[in-house]
1. Looking at segment 40-60 only, could you name the residues that are assigned to a helix (DSSP H, G or I), surrounded by fewer than 17 Cβ atoms within 10 Å (Cβ to Cβ) and of a type in the set (D, E, K, R)?
2. Filtering segment 1-39 down to residues that are of a type in the set (Val, Ile, Thr) and within 23 Å of Cys113 (Cα to Cα), which residue is surrounded by the most Cβ atoms within 10 Å (Cβ to Cβ)?
3. Assess whether Gly9 counts as being touching an Asp or Glu at 6+ places or on another chain (Cβ under 9 Å), of a type outside the set (A, V, I, L, M) and under 20 Å from Val95 (Cβ atoms).
4. Taking segment 7-34 only, how many residues are modelled with pLDDT of 95 or more and in a loop (DSSP other than H, G, I, E, B)?
5. When you go through (1) without any contact (Cβ under 8 Å) to a residue 12 or more places away in the chain; (2) in a strand (DSSP E or B) one by one for Val37, which number turns out not to apply?
6. Would you be able to say whether some residue in segment 52-64 is of a type in the set (Val, Ile, Thr) and under 15 Å from the mean Cα position of the chain (by Cα)?
7. I'd like to verify a number: residues in segment 61-70 that are more than 12 Å from Leu14 (Cβ to Cβ) and assigned to a loop (DSSP other than H, G, I, E, B), how many?
8. If Asn78 satisfies all but one of (1) at pLDDT below 95; (2) out of contact with any strand residue (DSSP E or B) (no Cβ under 8 Å at 6 or more places or on another chain); (3) surrounded by 13 or more Cβ atoms within 10 Å (Cβ to Cβ), what's the number of the condition it fails?
Amino acid sequence: MSRKLVTAGEEETLSQVAEKMLKARVGSVVIVSDRRVVGIVTEKDFVKFFASRLSPDESVKHHMTRNVITVNETTSINDAKNIMVSQKIRHVPVVNQHGELVGMVTVRDLVECIETLI
């Protein structure tokens, strides 16, 4: 898992979230409240936002994906991969036993894992 996390609050605008993604060179931003995952916004979401002509000044809370699929920090990389494949997602936030965000598993992480095995 990567501990390079980019987070935002629910009140931030779509424009602010997009700027964070660009600056950090990441494909998703986890929306948090009290260190708990309340939503996620991905590159794919921004394509939809653009196509829908959403205002960049709108709050992310109205457009983020809720009910985010997460994994526990004790979840194996294989189980995380299986969840990502079955749910057709590329980013899975990792939470600790208290439900607090501690990391992220991405498709890139999976590829890097495979590269070390080859």
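1. Answer for segment 40-60, where residues must be assigned to a helix (DSSP H, G or I), surrounded by fewer than 17 Cβ atoms within 10 Å (Cβ to Cβ) and of a type in the set (D, E, K, R): Glu43, Lys44, Lys48.
2. The initial filter retains those residues of segment 1-39 that are of a type in the set (Val, Ile, Thr), namely 6-7, 13, 17, 26, 29-32, 37-38.
Filter once more, so that each one left must be within 23 Å of Cys113 (Cα to Cα): 6, 26, 29-30.
On the way: Val6: 16, Val26: 20, Val29: 27, Val30: 22.
Going through the qualifying residues, I end up with Val29.
3. Values: touching an Asp or Glu at 6+ places or on another chain (Cβ under 9 Å): no; of a type outside the set (A, V, I, L, M): yes; under 20 Å from Val95 (Cβ atoms): yes.
So Gly9 fails the test.
4. Count: 4.
5. Looking at each condition in turn, Val37 falls short on (1).
6. So in segment 52-64, the residues of a type in the set (Val, Ile, Thr) come out as 60.
Checking which are under 15 Å from the mean Cα position of the chain (by Cα) leaves us with 60.
Looking through segment 52-64, at least one residue is of a type in the set (Val, Ile, Thr) and under 15 Å from the mean Cα position of the chain (by Cα).
7. Step one: list which residues in segment 61-70 are more than 12 Å from Leu14 (Cβ to Cβ), which gives 65-70.
Filter once more, so that each one left must be assigned to a loop (DSSP other than H, G, I, E, B): 66-70.
Result for segment 61-70: 5.
8. For Asn78, the failing item is (3).
The values are calculated or read from the model by the stated rules, or taken from the named source; none is laboratory data. Only a predicted model underlies this, so the values are computations on that prediction, with no experimental measurement involved. Note that each Cβ is placed from the backbone with ideal geometry, even for glycine, and that neighbours are counted across all protein chains shown.
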